[in-house]
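Taking it in order: structure first as structure tokens, then the write-up.
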Amino acid sequence: MIKPLFMWAGGKTKLIKKYEPIFEKIEYSTYVEPFFGGGAVFCWKHADADNLIINDLNRELMGVYRAIRDDHESFIKSIQDELSVYFEQKDRKQYYYNLRKSYWQDPNPGTLFVLMKLGFNGLWLTCKASNGLYGTSAGLLNHENIDKMVDFDNIREWSVVLGNTRIESKSYQDLTIQPDGALIYLDPPYRGSSAMYGTTFGDNEQKELTEWANDMASSGATVLLANRCTNDTFFETLLPNATFNYFDVTYTAGRRKVTKDGYMAVKAREFLAKL
């Protein structure tokens, strides 16, 4: 089974076991994930569908998946070449920021992949200097060797799966989906999240998404919507026909609490609503 290619703040790897009883009761021929991110659920469920559609409004991110699909060996070589330079550096932090600056001048999927492997805690952040491109700060940069850092066989396995996958970079509302027999898994930016993905996703956008989810369900799709509980009935009111499943979680990346001393893990509650 393929594994996520990189750490992604808000990724669902740790929730897979809790999701399993819900997913296993659903029959579907098409799997659709309109907010793709790191693709943890896709890694788990892709083999159960005949048709696969992945999408994210973030064109930079989806460019990585397209590069792997279209020419994975060239993609791997570009990573190996860049990381061979990285492991020779005495000042890895300076290397990272020089590489990030060069990426802003010449964006390409291989460099972005390296930056994401080296960036802080799986966060996707932008900054003024990046002009909307990936701008996350450096992580610990304490990698021992390239093989522990990147699983190249996993990239090759992804290329096979992506070869049978439709990859889009548009609004979920613009996706062409045949609802009958489709499972649509929605993992949007969480309500009230401080994480930045280069786009805003406030309450109005959450409401529009629930309206779209209701429409898809009415048209014959099975829709699963993930989000976090916010001590009100915001989603329950918008999704009156949904079944809500709740899970206790601990945020250790991306949605951690900011304190005067830095960051700390926080306990929270999430849900998976089934329509």
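The values are calculated or read from the model by the stated rules, or taken from the named source; none is laboratory data. Being a predicted model, the structure only gives us computed values, none of them experimental. In this analysis, Cβ positions are derived from the backbone assuming ideal geometry, glycine residues included, and neighbour counts consider all displayed protein chains. Heads up: the accessible areas ignore ligands, DNA and RNA and are worked out on the full protein's heavy atoms, side chains in. Shrake-Rupley method; radii C 1.70, N 1.55, O 1.52, S 1.80 Å.
Rounded to the nearest 10 degrees, the inclination of helix 92-105 to the longest alpha-carbon principal axis of the chain is 70 degrees. Determine the share of segment 1-155's accessible area contributed by carbon and sulfur atoms, expressed in whole percent, with a 1.4 angstrom probe. Exposed carbon and sulfur together represent 48 percent of the surface. Helix 203-218 and the long axis of the chain differ in direction by around 60°, with both axes built from C-alpha atoms. With the convex hull drawn around the C-alpha atoms of segment 88-154, the volume per residue stands at 97 Å³.
Note on the chain: GNM, Cα springs under 10 Å; of 232, 71, 187, the largest mean-square fluctuation is that of 232. To the nearest µm²/s, what D does Stokes-Einstein give for the chain at 37 °C and 0.692 mPa s, using the Kirkwood radius over alpha carbon pairs as Rh? Using the Kirkwood radius from Cα pairs, D works out to 167 µm²/s.
Note on the chain: helix-only mean residue ellipticity at 222 nm, from DSSP H runs of 4+ residues weighted -39500 (n - 2.57) and normalised by residue number, equals -11500 deg cm²/dmol.
Distances between placed amide hydrogens fall under 5 Å for residue 223 paired with 184, 275, all partners being 5 or more residues away or on another chain. Backbone phi angles across segment 138-155, fed through the Karplus curve with coefficients 6.51, -1.76 and 1.60 (θ = phi - 60°), yield HN-Hα couplings of 5, x, 6, 6, 10, 5, 8, 7, 5, 5, 7, 8, 10, 9, 6, 5, 5, 4 Hz in residue order; Gly and Pro are listed as x.
The Cα-based radius of gyration and maximum Cα-Cα distance (Dmax) for segment 80-215 are 18.3, 56 Å. When +1 charges are put on Lys and Arg Cβ atoms and -1 charges on Asp and Glu Cβ atoms, the dipole computed for the chain relative to its Cα centre reaches about 1060 debye. Between residue 236 and residue 50, the simple label model (points 7 Å from Cα in the Cβ direction) yields a spacing of 4.0 nm. Taking Cβ atoms as reference points and 11 Å as the exclusive limit, the residues near residue 171 contribute a net charge of -4, counting Lys and Arg as +1 and Asp and Glu as -1.
For residue 245, the residues whose modelled amide H falls within less than 5 Å of its own, excluding neighbours fewer than 5 places apart on the same chain, are 272, 273, 274. Note on residue 14: aspartates and glutamates with a C-alpha under 15 Å away, same-chain residues under 8 apart excluded, are 187, 248, 270. Restricting segment 89-124 to trypsin sites (Lys or Arg not before Pro) that sit in a DSSP loop and have at most 14 other Cβ atoms within 10 Å of their own Cβ leaves 90. For segment 1-102, the per residue solvent-accessible surface stands at 50 Å², with DNA, RNA and ligands left out and a 1.4 Å probe.
For the chain, the longest principal axis of the alpha carbon atoms and the long axis of helix 109-118 meet at an angle near 90°. When both bridge partners sit in the chain, DSSP labels roughly 55% of those beta bridges antiparallel. Taking only the C-alpha atoms of segment 16-142, Rg followed by Dmax gives 17.1, 53 Å. Note that segment 111-207 presents 46 Å² accessible area per residue, ligands and nucleic acids not counted, probe 1.4 Å.
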